[in-house]
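Notes follow the structure.
The values are calculated or read from the model by the stated rules, or taken from the named source; none is laboratory data. Here the structure is a predicted model, which means the values were calculated and not measured. Neighbour counts are summed over all protein chains in view; Cβ atoms, including those assigned to glycine, are modelled from backbone coordinates with ideal geometry.
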Amino acid sequence: MNSALTELNLNAVLPALTMVIAAAVVILLDILNRKGKTPTLAWLPWVALVGVLATAGVSIWLLSQPVSSFQGMAVSDERAQALNLVVLTGAALAILLSVRYIPTVNLQTGEYYTLILLVSAGMMMMGAATDLMVVFLALETFSLGLYILAGLSRISRRSNEAAMKYFLLGAFASAFFVYGAAFVYGATGSTRFDLIAMRLFEGQADVALLAIGVTMLIAGFGFKVSLVPFHMWTPDVYQGSPTPVTAFMSIGTKAAAFAAFYRFFATALPTEQPTWGMALGILAVLTMTLGNLVALRQSSLKRLLAYSSIAHAGYLLVGLATATPAGIDAALYYLIAYAFMNMGAFAVVILLERQGEMDATGNRLKGLAKRHPQVALLMSIFMFSLAGVPPFAGFFAKFFVFAAAVQGGYSWLAAVAMLNSAIGAWYYLRIVVDMYFAEPSEETRIEAQRTSIPVAMTLGIAAVFTVALGVLPWLWTGLVQSGAVTTLALR
């Protein structure tokens, strides 16, 4: 075995380790402060935010370092660090949204911020993993944390229902993943991506057994990113979870699972790309079509954003189906753009919620521009971007993905995606029309207790980057785009 693969290079796991250390600091401070009597420290979320920023600093530093591997099971490369920055963006903005929100839901906020950090660590390891066993450990690390976070409001039946549904369906998805990994191991004798590819190339793999295993792995991955037909949990869990958790979940799970999706298929099964590329293309069509069509009829803003999230998972899959460097880089750009515009939209939902509701109806947006013009303007930016209107980040995200599909020989998939994007624009632009042209209703108001400086910071950051990444896309592409497929298994 190559000595480079046996080297214990901690760079490959350093961001996740940094996040775990930050989580330990947060929970330790909480324990030492409370001692069973006093409430959680008010500045504890800011400690968690410092941990996120420190981890982001580590990831940015690693972008300038050589590609490194940890025992052939995890890798540190440009795309792993790009995934880290997407997850950390979601975590940072979720923490800001939670400062005033979470204490109204559950007083155990120390545990909440610890779980956010640990879930983020698991998500980051998904993007770095080059072994199915590491993928599974990372998958379970962030999944178990999200099950708890979804049910954080113990007195809310909807929150309890969301957590139970997520847990039960997640358990089935995990079983599919493990069983699929077992089939892959039985077919190739390894769970490492590079060795699977080598056995397949040398004709030493049982192709039939491998096909069964890969199908099960797709089901496991598909659940996490809400691909049709594995999307059933998404609207109920999004609606029932505390809104900052929903916002974080919508970004982090997609980024992590899509990163693992790409690494496995592009590294372990490169010779089979025509087969799995077509399968992913069909899943992409089903996912974006169902997501957009069902979103047209939603009155709940969180359910609308849930089906919107399903549709965007389909758009992302268009980039991955091509398995080209341009397609992967486009998907990474899509993820960071989606992180900002989606977090901004959920921040507006928080402003429109009533105490204890954890949701808001579309009626509360009617005439919003007349009563809260600044909020309406920000929501318009996020909706235009989600719809793919230039010059916002969402337009270039779709443009890059669709162009990569055409270049990769998937013109039919790009055409279907553009048609779906037009359908999706209807319900996004309907929100803008309601805000500016409808008369305000009795529900069109923002309660004073829903506003706070951290929420305003989130809205400002999300809006600035939604515009900046559209006008200046090189801010992201110049930072992380590799221009070629990175060798994941070092030789």
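List every residue pair whose Cβ atoms sit under 9 Å apart, with the two residues 6 or more apart in sequence or on different chains, where the first one lies in the stretch 41-62 and is more than 17 Å from MET125 (Cβ to Cβ) and the second, anywhere, is part of a loop (DSSP other than H, G, I, E, B).
Listed pairs, sorted by first residue: VAL47/LEU41.
Could you please give the count of residues in the stretch 171-226 that are assigned to a helix (DSSP H, G or I), small (Gly, Ala, Ser) and more than 29 Å from SER308 (Cβ to Cβ)? Explain how you work it out, then say what you get.
Within the stretch 171-226, the subset assigned to a helix (DSSP H, G or I) is 171-188, 193-201, 207-224.
Within this subset, residues satisfying the condition of being small (Gly, Ala, Ser) are 171, 173-175, 180-182, 186-187, 197, 208, 211, 213, 219-220, 222.
Still in the list and also more than 29 Å from SER308 (Cβ to Cβ): 181-182, 186-187, 197, 208, 211, 213.
Total meeting the criteria: 8.
Give the residues of the stretch 141-159 that are assigned to a helix (DSSP H, G or I), free of Cβ contacts under 8 Å to residues at least 60 places away in the same chain and out of contact with any Phe, Trp or Tyr (no Cβ under 8 Å at 6 or more places or on another chain), sorted by residue number.
Those that are assigned to a helix (DSSP H, G or I), free of Cβ contacts under 8 Å to residues at least 60 places away in the same chain and out of contact with any Phe, Trp or Tyr (no Cβ under 8 Å at 6 or more places or on another chain): THR141, LEU144, GLY145, ILE148, ARG157.
Criterion first (at pLDDT below 90 and at positive phi) does GLN65 satisfy it?
Here the answer is no, as GLN65 does not meet what is asked.
Listed here are the residues, each with its yes/no results for (1) of a type in the set (Gly, Ala, Ser); (2) buried (at least 24 other Cβ atoms within 10 Å of the Cβ); (3) part of a loop (DSSP other than H, G, I, E, B).
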residue: ALA279; (1), (2), (3): yes, no, no
residue: GLY291; (1), (2), (3): yes, yes, no
residue: SER309; (1), (2), (3): yes, yes, no
residue: LEU316; (1), (2), (3): no, yes, no
residue: TYR338; (1), (2), (3): no, yes, no
residue: MET343; (1), (2), (3): no, yes, no
residue: PHE346; (1), (2), (3): no, yes, no
residue: LYS370; (1), (2), (3): no, no, no
residue: GLN374; (1), (2), (3): no, no, no
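Filter the stretch 265-277 for residues that are more than 21 Å from TYR333 (Cβ to Cβ), of a type outside the set (Ser, Thr, Tyr) and touching a helix residue (DSSP H, G or I) at 6+ places or on another chain (Cβ under 8 Å) and give the result.
The answer is ALA268, LEU269, PRO270, GLU272, GLN273, TRP276.
Residue-wise test of (1) of a type outside the set (Ser, Thr, Tyr); (2) modelled with pLDDT under 90; (3) more than 28 Å from ALA91 (Cβ to Cβ).
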site	(1), (2), (3)
PHE384	yes, no, no
GLY409	yes, yes, yes
GLN449	yes, yes, no
VAL464	yes, no, no
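Scan LYS370, LYS398, LYS302 and give me the residue that is among the basic types (Lys, Arg) and over 25 Å from MET249 (Cα atoms).
LYS370
Kindly list the number of the only condition in (1) in contact with a helix residue (DSSP H, G or I) (Cβ under 7 Å, 6 or more places away or on another chain); (2) surrounded by fewer than 18 Cβ atoms within 10 Å (Cβ to Cβ); (3) modelled with pLDDT under 85 that fails for TYR179.
(3)
Being under 19 Å from ALA247 (Cβ atoms), in a helix (DSSP H, G or I) and not acidic (Asp, Glu) is the requirement here; does ILE381 meet it?
Taking the combined requirement at face value, the residue satisfies it.
Find all pairs meeting these conditions: Cβ atoms under 9 angstrom apart; at least six residues apart or on different chains; first residue within the stretch 165-179 and within 17 Å of LEU146 (Cβ to Cβ); second residue among the acidic types (Asp, Glu) and in a helix (DSSP H, G or I).
LYS165/ASP236; TYR166/ASP236; SER174/GLU140
Run PHE201 past the list (1) surrounded by fewer than 16 Cβ atoms within 10 Å (Cβ to Cβ); (2) free of Cβ contacts under 8 Å to residues at least 12 places away in the same chain; (3) not small (Gly, Ala, Ser) and report the number of the one that doesn't hold.
That leaves (2) as the condition not met.
Can you go through PHE400, PHE396, PHE392 and tell me which one is modelled with pLDDT of 90 or more, surrounded by 16 or more Cβ atoms within 10 Å (Cβ to Cβ), closer than 28 Å to ASN363 by Cα and aromatic (Phe, Trp, Tyr)?
PHE392 is the lone residue from the list that is modelled with pLDDT of 90 or more, surrounded by 16 or more Cβ atoms within 10 Å (Cβ to Cβ), closer than 28 Å to ASN363 by Cα and aromatic (Phe, Trp, Tyr).
Quick one: which residue in LEU429, LEU419, LEU413 is among the aliphatic types (A, V, I, L, M) and loosely packed, with under 15 Cβ neighbours inside 10 Å? Reasoning before the result, please.
Numbers: LEU429 fails: loosely packed, with under 15 Cβ neighbours inside 10 Å; LEU413 fails: loosely packed, with under 15 Cβ neighbours inside 10 Å.
Answer to the check: LEU419.
Determine which single condition VAL119 fails, assuming it passes every other condition in (1) touching a Gly at 6+ places or on another chain (Cβ under 7 Å); (2) surrounded by 22 or more Cβ atoms within 10 Å (Cβ to Cβ); (3) without any contact (Cβ under 8 Å) to a residue 40 or more places away in the chain.
It fails just one condition, (3).
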